[in-house]
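First up is the structure itself, then whatever we jot down about it.
The values are calculated or read from the model by the stated rules, or taken from the named source; none is laboratory data. All values reported here derive from a predicted model rather than from experimental measurement. In this analysis, Cβ positions are derived from the backbone assuming ideal geometry, glycine residues included, and neighbour counts consider all displayed protein chains. Only protein heavy atoms, including side chains, enter the accessible area calculation; ligands, DNA and RNA are left aside. Shrake-Rupley method; radii C 1.70, N 1.55, O 1.52, S 1.80 Å.
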Amino acid sequence: MVCGWSSIDCVALADNLVHNAQLSSPDGDIVASFDIDEAGHPVYSVTYKGLPIVKNCRLGLTAKEVAADSKYTMECSDIASVDETWQPVWGEYAEVRNNYNEMSAMFRCSSGLDFDVKVRVFDDGLGFRYELPLSHNNYFLSITGELTEFNFVDDYTVFAIPGDYDTDEFLYTTSPISDLDNRLPRSRHSESTLIDGLAVQTPVIMKHPEGKVYVNLHEAALVGYPAMALDVNPQQLSFVSHLTPGADGMKAYVQLPFCTPWRTMIISDDARDILASQLIYNLNEPSKIEDTSWIYPQKFIGVWWEMFVGYGSWAYSDDISTRPGVTDYASVKPSGRHAANNANVKKYIDFAAQSGIKSVLVEGWNEGWETWTEGRKNRHFLFDKAYPDFDVEELSRYAKERGVKLIMHHETSANAADYERQLDAAFDFMNKYGYDAVKTGYVGYIIPRGEHHSSQWMNDHYIEVVRRAAEHHIMVNSHEAVRPTGLMRTWPNWVAQESARGGEYEAMGGNPPEHTTLLPFTRLKGGPMDYTPGIMETDLASHGHGNSSHPGTTIARQLALYLTMPSPLQMACDRPDSYLKYADAFEFIKVVPVDWRTSVYLEAEPGDYITVARQDKNSEDWYIGAITDENSRTAKVKLDFLPKGKKYVATIYADGKDADYRTNPKSYNIYSKNVDCKSTLTLQLAPGGGAAVQLKAID
């Protein structure tokens, strides 16, 4: 670590006070400036290669215990430079470089809230956070809001979803900042609480109106604090931090000293750099789990999709008067549609064993599904008591004999307090029967507290679940939780989250092809998503159970998503009979890894297309995934990332010549050719289509 002053760092005033404190990235392209404006308010600005990005953005917080508007002075710390590498347990890269310059701007006032702004500037962006010292005899603060602004100099094109306290499951709107008021949907999502006024959710990706630069806004290390959305002022091209309130209306209660999450900006003039950035992970603390040998990436199938397309149900009975732990289920008449039964689960176990897939997720196995949608009352599950037709001991034995793991499912129906009460019993139950991974769910409004999904209390809850799961050597895949902020580095057993509109919506009207060209630029910057790719039977009406949804995809695109939507936990979501029907295409899902040595983004444009190459962490093989939006395109892929002198067999899973996600989604073509680092692959992507390639090294 090197410390010292740079000639451009700040201009000194009397009594060690400064103005115009500046900190640049290691390569000098990004400069963050901090100052006091004419009204005495702390402000900052950011430039990229001399281009102003945001300017005169206010900084600060408000609290119940201190004056709301005070005049500040500023001091600065020395500059520290850090250049190190660390090894993730899993991810897109086996090794991550963490290189930044850091300083603290210390803002002081006579009657308001003293705070420091710690800023780290990387070559691909910056992060800053508020550090609250003990001051003015304040040991506890009731945070009422943040003043953090992002005042853009130009009218960027924004790809955003509406700001919401409870869900991120929206489609994206594309609009200039100045026109968001007219374009962003304002109708309420089912089971959600849209923020009053005009607001967007982070992460948000933005593009300069002349294409000069891309900016991603988000946050990192969301611990002990509410999540941040962004209020929008279209006329001023401005975004302002909006914290999720708690059940009592207060944003947060903190004990001093305290550090907020980092407010992050990933910046580049190349869209590929936005996808490659590890900035948000770098701003999180190293792993708190010393021995991570029990954490492993995996693919899984599950008794899940068949419920969405209409084959069965989660509940054992249709009798909503049934109460878990009270009713003797042996005396309850079953519905005959319960999917999590012994015979059906064994079929999935057999298919996983035959296909080399590690695990099987079973939803609807435990008591409580009859009443889980009953508003605010009677939403109660038991996490150590199975339905009569699900023999936990027998199925665990059957799976173990076949080398397959079962993944537990804990749907809380948003009764988070009740889930915490049962956690030890639930995890002990999992340990007893050999489960080492759990999918958690929080569908509905949080009871009994009336909290929002992204409030301070709930954010503490999610981390508590992951922490206690780690004590039991259990991996967690959380659904309906707050969007991730890189905490998977600190808790690598938090292997995936949903927290966006996922693949399940292909059975609920469909996702437009554009959607998965945006998620890697937005939601995935905070952490991997359990998107659930792998749909082979794209004609959902052919299942014959009344679902006529039309997925926005071709079969080849579904294969490509395993590369463009990276996650250490990837589902093959379709039913086994669909994979048998398209067995040649399913071969790619069987062989594609989910953990990587390195990744190379080859082409990218938010909302349009992504092409990426990844090298398997455990072999010399490479894989390529390419997707496009509703428009067809030709992806010309130079293989110059391959090592010189080494030959590969490229097996290409491509859209057929007549493929189209709307009219002919099942048309695909599989062919092979020998290639090396001098080769170029020409991949024809159909509307809503894609291509997947396995590059297998020739010994």
Quiz item: Which one of TYR442, TYR433 is under 17 Å from the mean Cα position of the chain (by Cα) and either aromatic (Phe, Trp, Tyr) or buried (at least 23 other Cβ atoms within 10 Å of the Cβ) (or both)?
Solution: TYR442
Quiz item: When residues of the range 398-443 are filtered for being out of contact with any strand residue (DSSP E or B) (no Cβ under 9 Å at 6 or more places or on another chain) and among the acidic types (Asp, Glu), how many remain?
Solution: 4
Quiz item: Does PRO568 fit the bill of being crowded, with 24+ Cβ neighbours inside 10 Å, within 19 Å of ILE274 (Cα to Cα) and of a type outside the set (A, V, I, L, M)?
Solution: no
Quiz item: When you look at LYS358, is it surrounded by fewer than 23 Cβ atoms within 10 Å (Cβ to Cβ), farther than 26 Å from ALA541 by Cα and out of contact with any His (no Cβ under 6 Å at 6 or more places or on another chain), yes or no?
Solution: yes
Quiz item: Pick from the range 1-54 the residues that are of a type in the set (D, E, K, R) and not in a strand (DSSP E or B): which of them is modelled with the lowest pLDDT?
Solution: ASP9
Quiz item: For the range 41-57, which residues satisfy the criterion of being within 20 Å of ILE30 (Cβ to Cβ) and of a type outside the set (A, V, I, L, M, F, W, C)?
Solution: PRO42, TYR44, SER45, THR47, TYR48, LYS49, GLY50, PRO52, LYS55, ASN56
Quiz item: Out of all the residues in the range 304-328, which are of a type in the set (A, V, I, L, M, F, W, C), out of contact with any helix residue (DSSP H, G or I) (no Cβ under 6 Å at 6 or more places or on another chain) and under 21 Å from HIS550 (Cα atoms)?
Solution: TRP304, TRP305, MET307
Self-check item: Criterion (modelled with pLDDT under 95 and over 28 Å from PRO568 (Cα atoms)) met by exactly one of ARG421, ARG376
Solution: ARG376
Quiz item: What are the residue pairs meeting all of these: first residue in the range 654-672, first residue on the phi < 0 side of the Ramachandran plot, second residue open to solvent by less than 60 Å² (accessible area, probe 1.4 Å) and among the basic types (Lys, Arg), Cβ atoms under 9 Å, and 6 or more apart or on different chains?
Solution: ASP655/ARG557; TYR661/ARG557; PRO665/ARG557
Quiz item: Just wondering, is there one or more residues in the range 121-133 that are in contact with an Asp or Glu (Cβ under 6 Å, 6 or more places away or on another chain), more than 30 Å from ILE79 (Cα to Cα) and assigned to a strand (DSSP E or B)?
Solution: no
Self-check item: Single residue of the range 601-647 satisfying the filter (of a type in the set (D, E, K, R), outside any loop (DSSP other than H, G, I, E, B) and within 21 Å of the chain's Cα centre (by Cα)) that is surrounded by the most Cβ atoms within 10 Å (Cβ to Cβ)
Solution: ARG614
Quiz item: Here are VAL693, VAL675: which of them is among the aliphatic types (A, V, I, L, M) and touching a Ser or Thr at 6+ places or on another chain (Cβ under 9 Å)?
Solution: VAL693
Quiz item: Filtering the range 278-327 down to residues that are over 25 Å from ILE589 (Cβ atoms) and of a type in the set (Asp, Glu), which residue is surrounded by the fewest Cβ atoms within 10 Å (Cβ to Cβ)?
Solution: GLU290
Quiz item: Just wondering, is there one or more residues in the range 58-73 that are surrounded by 15 or more Cβ atoms within 10 Å (Cβ to Cβ), among the polar types (S, T, N, Q) and under 32 Å from the mean Cα position of the chain (by Cα)?
Solution: yes
Quiz prompt | Matching residues in the range 339-388 - criterion: being assigned to a loop (DSSP other than H, G, I, E, B), farther than 20 Å from GLY434 by Cβ and either without any contact (Cβ under 8 Å) to a residue 40 or more places away in the chain or in contact with a strand residue (DSSP E or B) (Cβ under 7 Å, 6 or more places away or on another chain) (or both) | solution = ALA339, TRP372, GLY375, ARG376, LYS377, ARG379, HIS380, PHE381
Quiz item: Scanning for something closer than 30 Å to MET475 by Cβ, in contact (Cβ under 8 Å) with a residue 12 or more places away in the chain and more than 25 Å from the chain's Cα centre (by Cα), does the range 532-541 turn up at least one residue?
Solution: yes
Self-check item: Selection within the range 220-234 - touching a helix residue (DSSP H, G or I) at 6+ places or on another chain (Cβ under 6 Å) and in a strand (DSSP E or B)
Solution: ALA220, VAL232
